[in-house]
Amino acid sequence: MAEDKLDETASRSLVADFISEVIHSPVNLALVALIALLVYKIFRSKTQPDEPVQQYKELPKIRRDFTVEELRPYDGTGPDGRILLAVNGNVYDVTKGARFYGPGGTYAAFGGRDASRGLATFSVVPGKDDYDDLSDLTTDEMNSVKEWEEQFKERYEYVGKLLRPGEAPTNYSDEEEEGSQQENESKSKSE
Ligand code: HEM
């Protein structure tokens, strides 16, 4: 019993010594504040993941071609919030970039539209309402469109082609079947 009390007194004085050491040294005080801040930040980032991650829900992938008119509803105002955008004749699903392309986003003018001309000419206003063949763009501007497309290719899912007026859509059903067959094969191999 007496030993317990001694232990308790010893550990109390250790804590008191530690606190007094920290309080009386500005360097230690600053270090303790820094550690507390870092611990707080780590804790916060674990409990509250970055907002953009929560802002969009993962939608099923789609693979099909679109006309300009068919693309238009996919500006983030639809029931599922999907956002598609065309660049250089190809359509990408940019739903995960909703904070850019969704309603109220900086680049909302590109959602549901062909963004090629805007990207090439640094203009964030909605492009033409009907099909834009981009034939009046300079070589530099077309190169810029291609560079932009590379960025979209890296960040977003490819959906299909932007169809010219009268152009028939590609039938992707074979590709899908092949894809799911491959998936099944790789699943059965891993089992
Ligand atoms: C003063 C002018 C501009 C500033 C300060 C600016 C700033 C930015 C910043 C900071 C980002 C990155 C945002 C992030 O990753 O969190 C960004 C992305 C982007 N900007 Fe701009 N921007 C400007 C003009 C433009 C113009 C004129 C265009 C095209 C017409 C444009 C198109 C884009 C696109 C497409 C993205 C990529 C969004 C994505 O990741 O999907 N920006 N901009």
Quiz item: Which order do ILE83, ILE62 fall in if you start with the one that has the fewest other Cβ atoms within 10 Å?
Solution: ILE62, ILE83
Quiz prompt | Residue-wise HN-Hα coupling along segment 99-113, computed from phi with Karplus coefficients 6.51, -1.76, 1.60 (Hz; x: Gly, Pro) | solution = 5, 8, 9, x, x, x, x, 4, 10, 4, 4, 8, x, x, 9
Quiz item: So, by mean Cβ neighbours within 10 angstrom, what's the order for 101-107, 128-134 with the highest one leading?
Solution: 101-107, 128-134
Quiz item: Each residue of segment 84-91 in turn: what ³J(HN,Hα) in whole Hz from Karplus with 6.51, -1.76, 1.60 and θ = phi - 60°, glycine and Pro shown as x?
Solution: 10, 8, 9, 8, 6, x, 10, 9
Self-check item: Order of SER123, SER135 under a 10 Å beta carbon neighbour criterion, fewest first
Solution: SER135, SER123
Quiz item: If each Cα of segment 77-117 is one equal point scatterer, what is log10 of I(q)/I(0) from the Debye formula at q = 0.15 Å⁻¹?
Solution: -0.28
Quiz item: Once amide H atoms are placed 1.01 Å from N in the peptide plane, what residues at a sequence separation of 5 or more from LYS161, or on another chain, have their amide H within under 5 Å of its amide H?
Solution: ASP65, PHE66, VAL91
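Taken together, the values in this text are just the output of simple stated rules run on the coordinates, not laboratory data. The model shown is predicted, which means the values in this text are computed figures rather than measured ones. As a convention, Cβ positions derive from the backbone with ideal geometry for all residues, glycine included, and neighbour counts pool all protein chains shown.
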